[in-house]
Amino acid sequence: MTSQVIAAELAPEPAGVVFRTCPVTARRIHIGAERLIKVHAVCSVVSLLIGAVAAVLLVLTRWQAVHLLPAVWFYRILGVHGMSMLIFFIIFFEMAVLFFASTVLLNARNSAPKISWIAFALMLAGALTVELMMWSGRADVLFTSYVPLRAEPTFYLGVILFAVGALVTVGVFFANLVVAKREGRYQGSLPLVVYGAMTAAIIAVITLVHGAAIYIPTYLWSLGLMEIDPQVYRMIWWGLGHSSQQINVAAMVAIWYMLGALTIGAVVLNEKISRSAFVLYILFISMASAHHLLVDPGMGPAWKVVNTSYFMYMAVLASMIHGFTVPAGMELGMRLRGFTNGTFDWLRRAPWGDPGFSSLVFSVVVFGFVGGITGVTIGTEQINIIVHNTLRVPGHFHATVVSGTAMAFMGATYYLIPLIFQRKVAFWKLAKIQPYLFAGGMLIFTLSMTFAGTFGVPRRHWDITFSQAPFDVQFSPIVDLVLAVVALGGLLAATGAFVFIAIAVKSVFFGEPLGTITKGVAMAGVPTGLTHPPVHALDVDARNAALHDPSRGIMGPAPGTIVLVFVFLAAFIVYFFVNWKMLSFLWRIG
Amino acid sequence: MHIDTHTGLDSPKGVWWKPAHASEKVWVGIAFAWCMVLFAMMPLWHWKGGQNPSGIRSRTTPQAFSARVGEFITRYQTGNDRGMPIVTPPPGSDIYLAAVAFQWFPILKLQKNVEYTLHLSSLDVNHGFSLYPINVNFQVVPGYDYGLRVTPNASGDFRIMCNEFCGIGHHLMVGRVIVDEGSAVASTSGAVQ
């Protein structure tokens, strides 16, 4: 609808800028931008493949009964897994999202094609350099590369190249927004999804500046040109390391809003509330570095309390707001389409066979219930004493960045394949169950890992039987069992990831062309959000006003969501205080 | 109330700064209040709680800390286990533990219910102090002396694992802390030698 209005008043495009019109959504799509989205998405999936192979090797090593890799290769592959997943897979995908949001969603062109390709080349060169250095054993410093552990200088240079490329792409994103506005490609304010992507881009700038501030000195240090204090390294490195997770959060939440709209016609409950929550991310996220330094010697309690709480948990507040507005918008969207019975009829009758929808739900639920609750709890200054560097830490962040962000990105891919690559989704039956496999595996993995961590089982550790250590350490037999369950969950999730990769590669490179979609007719390989677009009725505003009527009381337009968020709050409160209780049993420490 | 129904993919029409529904406002209020509770627990625990990572923090150097540990061992050594000195410091004293790839030294012999100031530092890279099996974890950073006042509340033979990756022998790095019951220890500690 919006695009038709705009089409009437289009400013002429510069020469050589070619558009196509999407047959499904009627959006104008810049072919040049589309090509960039494709190459970034492909690099992302290749990185995911490397990371997932590494993941299988790692879980089969930490499963003590199998103990697959020798020590050197365990630590090396652990570094590869971290960089491939947390940096290359995620950031390549985010760059694709930035191009998508700033061109396709605004009916606009990519304003700087040459610079975009140079930036992409930098990122690719950086990623290849880092992979080469890690695989060849010249950078056995793990993901965090804490100084004074030393890698060869070229490793740090590779990271810098990648970061510079990403920073340039973020710049192109901002330029695209300005050009789209100036050329009148959209009217009024940015759509919420683009606003969320913009939030991610702003946090990316903060993050990448921290990255430059630490990796450039570290490169010089590795060449013997300067000294670096190990504590200062940890502080600034985590300004990069944790803030980059907030790029993921912002991008993921933007995709939540997008998938909600595409799959079930989710509406924006209130722009003011959702946008303010995004602003809270920007304002309070850069203090996130402190989370990692709670039991470090370099900082005092006042600094820790203020910074770890993101200045009184204002960013947690933001996530709790999105945790309400996203499902509430989905519920309201369904109610406006006529699914008005009871409290949860809208949820029961949602398209659970649409992998875009199931991915969205699992992403929201696991991110919130597991990732969010554990994250805030273990990031509390004192509770961190019983958490720091145990398996509870990877238990937490696999629930946020894998079950949350990666799952959301997979869900988005099921829509990008038909909309951008113009192919049917291959292995359609497998695609429908892939989110269940991946999220289910990840849920087992993260919960069991968190549980193992409560026994003090260290993360990043090759052999917790300590068979060659000078003094014996004997963990409870329960730990062996739990680590086997961790492996089982990890293998299930990795299978889900391989299924996703197979689907993506087959669809993109050997896929059946999309062909014509007939509205209302189900089609194998096309998500229901496209064959049965969730269009609202003409009198939708009136229906919406009726659902908002004060006579409906405090439960308002989304009563089901109110129930869900209070279940969430109860779980949060219980988990938080159980941890304080556990802490109180320890030696007195101060 | 006029309502503009749109998805997150559409530009909102006109001014979008509009009042939210009461249910949304209530949730934001409750979430904010909960965030305040989360925040308040930290200063509260500093005031009333028994476990805080504050410590006495100061700068040091690997050389200076190594010398301090050497002095500590010479003064209070009461035995050794597989070449690693066992040190029995007087109750209430400052005690020193050095991390170096891939060892924690010396072995500490403490008394239950007595407060010591445990100084941790590293002589090379980052290490992770993880007291097994009670799961107490601290980061050990070269160049920094982390002085933690600790009071063991149970006797036993404890281990210190390293839980920060410190190199290829990381998983071999295990130290030892022995906590004896009450005051009887002072008279029997000589027997170890």
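The numbers here are math on the coordinates, done by the rules we state, and not lab data. Remember, it's a predicted structure, so these values are computed and weren't measured experimentally. Positions of Cβ are generated from backbone atoms using ideal geometry, with glycine treated the same way; all protein chains shown enter the neighbour counts.
List of remarks:
- What the phi angles of the stretch A:162-170 give under the Karplus curve with 6.51, -1.76 and 1.60, with θ = phi - 60°, is a coupling list of 4, 5, 5, x, 5, 4, 5, 4, 4 Hz, glycine and proline written as x.
- Residue order, fewest to most beta carbons within 10 Å, for A:Lys429, A:Lys181, A:Lys424, B:Lys48: B:Lys48, A:Lys429, A:Lys181, A:Lys424
- Computed over chain A, relative contact order equals 15 percent, with contacts defined as Cα pairs under 8 Å that lie 6+ residues apart.
- Scalar couplings 3J(HN,Hα) for the stretch A:483-489, obtained by applying the Karplus form with A = 6.51, B = -1.76, C = 1.60 to θ = phi - 60°, are 5, 5, 5, 4, 5, 4, x Hz; x denotes Gly and Pro.
- For the stretch A:186-219 versus the stretch A:331-379, the gap between their alpha-carbon centres in whole angstrom: 27 Å
- Gyration tensor (alpha-carbon) shape descriptor, the stretch A:516-590, a/c threshold 1.5: oblate
- Extending 7 Å from Cα along the Cβ direction at A:Asp480 and again at B:Val26 yields two label points whose distance is 5.3 nm.
- Neighbour cut-off at most 16 other Cβ (10 Å), DSSP loop, trypsin sites (Lys or Arg not before Pro), the stretch B:81-180: B:Arg82
- Label-to-label distance, nm, for residues given as A:Glu512 and B:Glu71 (7 Å Cα→Cβ offset): 8.0 nm
- Lysines with Cα under 20 Å of A:Lys181, excluding same-chain neighbours fewer than 8 positions away: B:Lys13
- Rounded tilt (10° steps) of B:22-48 against the dominant C-alpha axis of chain B: 20 degrees
- Near B:Gln111, the amide H atoms lying under 5 Å from its own belong to B:Asp180; only residues 5 or more places off or on other chains count, and H is placed 1.01 Å from N.
- Local charge for A:Glu13 was computed over the other residues whose Cβ lies under 12 Å away, with Lys and Arg +1 and Asp and Glu -1, and equals +2.
- Amide H contacts under 5 Å for B:Ala98, placed H, 5+ residues apart: B:Phe105
- Approximate shape of the stretch A:488-543 as ellipsoid semi-axes (Cα gyration tensor, √5λ), whole Å, largest first: 33, 19, 8
- Rounded if a/c under 1.5, otherwise prolate or oblate - the stretch A:453-573, Cα gyration tensor axes: oblate
- Exposure proxy order (Cβ contacts within 10 Å, fewest to most) of B:Cys166, B:Cys35: B:Cys35, B:Cys166
- Computed label-point distance, nm, for sites B:Ala40 and A:Ala175 using a 7 Å Cα→Cβ extension: 5.1 nm
- Descending principal axes extents, the stretch B:54-129, alpha-carbon based, whole Å: 32, 29, 21
- Couplings 3J(HN,Hα) for the stretch A:125-131, derived from phi with the Karplus relation 6.51 cos²θ - 1.76 cosθ + 1.60 (θ = phi - 60°), are 4, x, 5, 5, 4, 4, 4 Hz, where x marks Gly and Pro.
- FRET efficiency, 1/(1 + (r/R0)^6) with R0 41 Å, evaluated for B:Asp81 and B:Ser58 via beta carbons: 0.85
- Taking each of B:Lys25/B:Lys48; A:Lys432/A:Lys519; A:Lys581/B:Lys109; A:Lys38/A:Lys272; A:Lys38/A:Lys506; A:Lys272/A:Lys304 in turn, the alpha-carbon distance tops 22 angstrom for B:Lys25/B:Lys48; A:Lys581/B:Lys109; A:Lys38/A:Lys272; A:Lys272/A:Lys304.
- Overall form of the stretch B:56-192 per C-alpha gyration tensor (a/c, 1.5; a/b vs b/c): prolate
- Sequence-distant residues sharing a close amide H with B:Arg159 (under 5 Å, placed H): B:Tyr132, B:Val177
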